[in-house]
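The values are calculated or read from the model by the stated rules, or taken from the named source; none is laboratory data. Since the model is a prediction, treat every value here as computed from it, not as a measurement. Positions of Cβ are backbone-derived with ideal geometry, glycine not excepted, and every protein chain shown enters the neighbour counts.
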Amino acid sequence: PEIFCLDTETGEPSLMAGVPPDYFSETGQLWGNPVYQWDILEQENFLWWVQRIQSMLNKVDWIRIDHFRGLSAYWAVPQGETTAINGEWVEAPGKALFETINEKLGTLPIIAEDLGIITPDVEELRDKFEFPGMKILHFAFDSGSGNPYLPYNYNSSNWVVYTGTHDNNTTVGWFNNRSPEEQERVNHFLGGTWGNGIHWDLIRLAMSSVASMAIFPLQDILGLGEEAIMNQPGIAEGNWSWRYQSGMLTSEVSDRLKEVTDIYGRTPENQD
């Protein structure tokens, strides 16, 4: 408890975590969990974080740090607020944190979720430790040729490209909710479709990019609509309930995924 901002009398969070109003929510996201007492963590040489990362690496090959920007500065909302609007940015010691973890554990296989309000200090922290950032194709088509999510604007291979994440609609749902003009904008960029659905068109676009990794929600590989959406940011109930059935994983789906993986040199034998 001492590493979190808690009310000493009630045990409730005295400062709550969240994000300010953004693309996903007009009132931001108020998660209700307490923020860290970074001064205490730093005094303890970030032992809790070192142990946490070490434990996770016993289970997974890569760690994605959600809301990576919170390790540069985080949005802290006072106790009693019901939305995330009335918060403030508080600086966090991300540089000291990662230097310590690197010293203890070596180079880290970390993906930085760098979406939302990203400032130069966040980019500097990400780039200093050479963590790949994220590119989301759903965000790519609505602000002209300079949009940073368009694949030809990726300035290196040190990115992870997604069709969408758990916080997005499925690709089919996303496309169906676009106006005819907005749909045409996507099709015009693609130069036509491959005939297997918009989800495969975006999967191919991601695969053909220079990004070192390409990740797709299973809902997109299966071509499911918004009935299979995973999470709706800012809405507390009814999320994370979608489940796939084994019968959905047909040989047709796996063959198509293998084909597009082969075409763009992303099979294991091409990664050596």
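Which one is surrounded by the fewest Cβ atoms within 10 Å (Cβ to Cβ) among residues in the stretch 120-145 that are within 17 Å of the chain's Cα centre (by Cα) and under 14 Å from residue 94 (Cα atoms)?
130
I need a count of the residues in the stretch 242-272 that are without any contact (Cβ under 8 Å) to a residue 40 or more places away in the chain, in a loop (DSSP other than H, G, I, E, B) and surrounded by 10 or more Cβ atoms within 10 Å (Cβ to Cβ).
The qualifying residues number 6.
Suppose we keep only residues that are modelled with pLDDT of 95 or more and in a loop (DSSP other than H, G, I, E, B) within the stretch 115-141. Which one would you say is farthest from residue 189 (Cα to Cα)?
129
Can you tell me which residue among 87, 18, 32, 28 is more than 24 Å from residue 162 (Cβ to Cβ), modelled with pLDDT under 95 and not assigned by TED's automatic domain parsing to the domain that holds residue 215?
So the residue among 87, 18, 32, 28 that is more than 24 Å from residue 162 (Cβ to Cβ), modelled with pLDDT under 95 and not assigned by TED's automatic domain parsing to the domain that holds residue 215 is 32.
State all residues of the stretch 1-20 that are within 26 Å of residue 104 (Cβ to Cβ), in a loop (DSSP other than H, G, I, E, B) and in contact (Cβ under 8 Å) with a residue 40 or more places away in the chain; if no residue qualifies, say none.
Of everything in the stretch 1-20, those that are within 26 Å of residue 104 (Cβ to Cβ), in a loop (DSSP other than H, G, I, E, B) and in contact (Cβ under 8 Å) with a residue 40 or more places away in the chain turn out to be 3, 5.
Go over the candidates 178, 204 one by one and state the one that is closer than 23 Å to residue 144 by Cβ and either in the same structural domain as residue 22 (by TED's automatic domain parsing) or touching a residue at least 60 places away in the same chain (Cβ under 8 Å) (or both).
Just a single option satisfies the conditions, and that option is 204.
Identify the single condition in (1) exposed (fewer than 14 other Cβ atoms within 10 Å of the Cβ); (2) hydroxyl-bearing (Ser, Thr, Tyr); (3) modelled with pLDDT of 95 or more; (4) not in a helix (DSSP H, G or I) that residue 149 does not satisfy, given that it satisfies every other one.
Checking residue 149 against (1) exposed (fewer than 14 other Cβ atoms within 10 Å of the Cβ); (2) hydroxyl-bearing (Ser, Thr, Tyr); (3) modelled with pLDDT of 95 or more; (4) not in a helix (DSSP H, G or I), the one that fails is (1).
Among (1) in contact with a helix residue (DSSP H, G or I) (Cβ under 7 Å, 6 or more places away or on another chain); (2) of a type outside the set (Ser, Thr, Tyr); (3) surrounded by fewer than 12 Cβ atoms within 10 Å (Cβ to Cβ), which single condition is residue 53 missing?
(3)
Table: residues versus (1) under 18 Å from the mean Cα position of the chain (by Cα); (2) part of a helix (DSSP H, G or I); (3) under 21 Å from residue 160 (Cα atoms).
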{"position": "181", "(1), (2), (3)": "no, yes, no"}
{"position": "186", "(1), (2), (3)": "no, yes, yes"}
{"position": "189", "(1), (2), (3)": "no, yes, yes"}
{"position": "193", "(1), (2), (3)": "no, no, no"}
{"position": "196", "(1), (2), (3)": "no, no, no"}
{"position": "199", "(1), (2), (3)": "no, yes, yes"}
{"position": "203", "(1), (2), (3)": "yes, yes, yes"}
{"position": "206", "(1), (2), (3)": "yes, yes, yes"}
{"position": "214", "(1), (2), (3)": "yes, no, yes"}
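Quick one: is residue 220 among the charged types (D, E, K, R) and in contact (Cβ under 8 Å) with a residue 24 or more places away in the chain?
yes
Just one of (1) touching a helix residue (DSSP H, G or I) at 6+ places or on another chain (Cβ under 6 Å); (2) surrounded by 20 or more Cβ atoms within 10 Å (Cβ to Cβ) trips up residue 17, so point out which.
(1)
Which condition breaks for residue 224 when tested against (1) in a helix (DSSP H, G or I); (2) among the hydrophobic types (A, V, I, L, M, F, W, C); (3) more than 21 Å from residue 115 (Cα to Cα)?
Looking at each condition in turn, residue 224 falls short on (1).
Find the residue count for the stretch 181-201, including only residues that are touching a Phe, Trp or Tyr at 6+ places or on another chain (Cβ under 7 Å), in contact (Cβ under 8 Å) with a residue 12 or more places away in the chain and farther than 20 Å from residue 154 by Cβ.
Adding up the residues that qualify gives 2.
Limited to the stretch 82-119, what total is found for residues that are within 27 Å of residue 235 (Cα to Cα), among the aliphatic types (A, V, I, L, M) and surrounded by fewer than 18 Cβ atoms within 10 Å (Cβ to Cβ)?
Looking only at that region, the number is 4.
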